[in-house]
Amino acid sequence: MVRNTIGIPQVNFRDSYSQVKQASFPNLRRLFIEARSDDEEREVSRRAFYNAVLFFGSVAVFGLVAQRLNANR
């Protein structure tokens, strides 16, 4: 606790709120990782990577198609 110039204690509410917030909620990522085996975690990670690649690839394809369609006008 910090005291100001006249000796009154000052509480940093932002720090105390973040400590309460961290204490009341467990780390969800850690809970999900612990719930899966290493092989299951690898499979989920691989599937998420392929989905992300597919999404960005489809965005690129649609962008190129839209660009070509607008170039003909």
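Among residues of region 44-69 that are closer than 30 Å to Phe32 by Cβ, none has a beta-carbon under 7 Å from a residue that is surrounded by 10 or more Cβ atoms within 10 Å (Cβ to Cβ) and of a type in the set (Asp, Glu) at least six positions away or on a different chain.
Arg68 meets all of the listed conditions (1) within 22 Å of the chain's Cα centre (by Cα); (2) modelled with pLDDT of 90 or more but one, namely (1).
The values are calculated or read from the model by the stated rules, or taken from the named source; none is laboratory data. Keep in mind the model is a prediction, meaning the values are calculated, not measured. A quick note on method: Cβ atoms are made from the backbone with ideal geometry, for glycine too, and the neighbour counts reach across all protein chains shown.
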